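Structure first, then comments.
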Amino acid sequence: NDSSLSTATMSNDKLLGGLLASKFDEGSCLSRYQSYLYRKASPHKPSAYLISKLRNYEHVHRTCGPHTKSYDKIMTKGAKFSKNDARMKCKYIVWTASNGLGNRMLTLAAAFLYAILTDRVLLVRFENDMIGLFCEPFPDSSWLLPRDFPYWKDRKHIETYENMLMKDQRNNSKELLPSFLILNLQHTHDGHNNFFHCDHSQVLLQKVRVLILTSDQYFVPTLFMIPSFRQDLSKMFPEKDTVFHHLGRYLFHPSNEAWELISRFYQAHLAKANERIGMQIRVYNTHKEPHQTVINEIIACTVKHKLLPELDLQKPAAATSVLKNQTSKAVLVASLFSEYGEKLRAMYLRNKTVTNEVIRVYQPSHEERQKSSNGMHNIKAWTEIYLLSLCDSLITSRKSTFGYVAQSLGGLKPWILQRAYGETIKNPPCERAMSMEPCFHYPPKYDCRSNATVDFTSLFHHMMHCEDVSNGLRLV
Ligand code: GDP
């Protein structure tokens, strides 16, 4: 009957079209089943195949996760395996942090996808600066790497991926492969030339029981380049630009502490507005890009694309309360600097707009500088990323992974601000992203088969160079 149908649709929404498992205790993670009350339903449905891969992954994680028999045997006994152990199926990828929260979330999602594709279990090495941010993503288990993992501190004696490749070239893989291997995919670590996208590397990596990954890159496009993964990926993601959108919504649920900040802020300032505009202003050099120039650019961008109305300079604003039939827009500003929120707020308080809309500006924090090893600082960053993702439209800064996470979670194609110099702003002041996917800043440039340099956008029609990083790659 009708009522059961509406309950079914509702619980379906609550589980984001089947993306989320229903097995969790709700109280331990309020955001997991409440997020649908704060966001518009995504027009992008996860494929049935992706859902089945996720349920299967959850099963594997339960079987191999921390403190299972397999885990204890493989992870705490170190590198010595007997023949019997070879039959044990469990393999692992240990994620380690590098760079800011945006970078970390992108690499977590990429590592998770790699884990699914290679039947590995994803474990995360969270220091205190990451512990309070997210709920556990996998039912009846944990993704936290236990502290007694023998290589938690001392990594000096572990074989590296480069070394393994070199040895493999020298003696045609006659030597035994290590059980633990450090895989460094950071951009500073020969990002363009690491051969990770080549099948021969994947064949070797497959044989390693425990990979310890360090990366600051969204290397998902790489996975699409690897022939042995391609079919699985196409079935999981018929819409290629939804990888982070789905995996991010699956993995990243704000902890109760973060959720309290998010939901309270949302209800106090954003819920009642007719429209919510998010602005993520990441300025690296305030001398080259003075605050006022950036403000001018933001205004030029919002007016040009009708995100915000022009000011009516003839009439100063009088009463501050919103009249009954007056529409209102809420602007959420995320930035390290307080100047943006303050200047924009003052501007819209002092002046009316030509459309008579009321514009309210809010900036939750201004941390002045990046402090990524501080837990409270990261909670603020996560809160703002999440709040931005709840907006109806977004303006972001170039090359910022902070903005990428917000846009992808929100399913939004942002307007990306151009870099301003001195007092000049570029024309056009901002450019619409063609995809909500994050940009992979340092993709490979080497074609494994032809042994020559290649532009991968010419080989894959669903990859484009990013608007904000010309050498980067984005799935579209
Ligand atoms: P990216 O450097 O812009 O790619 O983004 P990351 O998230 O990797 O690193 C920047 C870090 O600086 C963030 O994780 C925050 O710790 C901090 N940060 C930068 N912009 C903001 C902001 O608007 N709000 C808050 N709260 N923190 C920010």
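Tabulated data
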item	result
Total residues in segment 270-317, condition away from the ligand (no atom under 16 Å from the Cβ), free of Cβ contacts under 8 Å to residues at least 12 places away in the same chain and exposed (fewer than 14 other Cβ atoms within 10 Å of the Cβ)	4
Per-region count, segment 120-149, residues among the β-branched types (Val, Ile, Thr) and within 24 Å of Leu261 (Cα to Cα)	1
Any hit, segment 360-379, residues being more than 10 Å from the ligand (Cβ to nearest atom), at pLDDT 95 or above, under 22 Å from the mean Cα position of the chain (by Cα) and polar (S, T, N, Q)	no
Subset of segment 385-440 [among the aromatic types (Phe, Trp, Tyr) and under 18 Å from Met105 (Cα atoms)]	Tyr386, Phe402, Tyr404, Phe440
Among the candidates Asp199, Asp241, Asp232, residue that is closer than 29 Å to Ser70 by Cα, among the charged types (D, E, K, R) and at pLDDT 95 or above	Asp232
Candidates Phe265, Phe252, filtered to the one that is more than 28 Å from Asn471 (Cα to Cα), within 16 Å of the ligand (Cβ to nearest atom) and surrounded by fewer than 20 Cβ atoms within 10 Å (Cβ to Cβ)	Phe265
Residues that are at pLDDT 95 or above and surrounded by fewer than 13 Cβ atoms within 10 Å (Cβ to Cβ), drawn from segment 318-355	Ala346
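Residues are listed down the side, and each one gets a yes or a no for (1) among the aromatic types (Phe, Trp, Tyr); (2) within 10 Å of the ligand (Cβ to nearest atom); (3) surrounded by 20 or more Cβ atoms within 10 Å (Cβ to Cβ):
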{"site": "Val358", "(1), (2), (3)": "no, no, yes"}
{"site": "Thr383", "(1), (2), (3)": "no, yes, yes"}
{"site": "Asp392", "(1), (2), (3)": "no, no, no"}
{"site": "Lys399", "(1), (2), (3)": "no, yes, no"}
{"site": "Gly410", "(1), (2), (3)": "no, no, yes"}
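Okay, residues lined up against (1) in contact (Cβ under 8 Å) with a residue 40 or more places away in the chain; (2) in contact with a strand residue (DSSP E or B) (Cβ under 6 Å, 6 or more places away or on another chain); (3) assigned to a loop (DSSP other than H, G, I, E, B):
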position	(1), (2), (3)
Phe138	yes, no, yes
Asp148	yes, no, yes
Tyr151	yes, no, yes
Arg155	yes, no, yes
Met164	yes, no, no
Lys167	no, no, no
Leu205	yes, no, no
Phe229	yes, no, no
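The values are calculated or read from the model by the stated rules, or taken from the named source; none is laboratory data. Source: prediction; values computed, not measured. Positions of Cβ are backbone-derived with ideal geometry, glycine not excepted, and every protein chain shown enters the neighbour counts.
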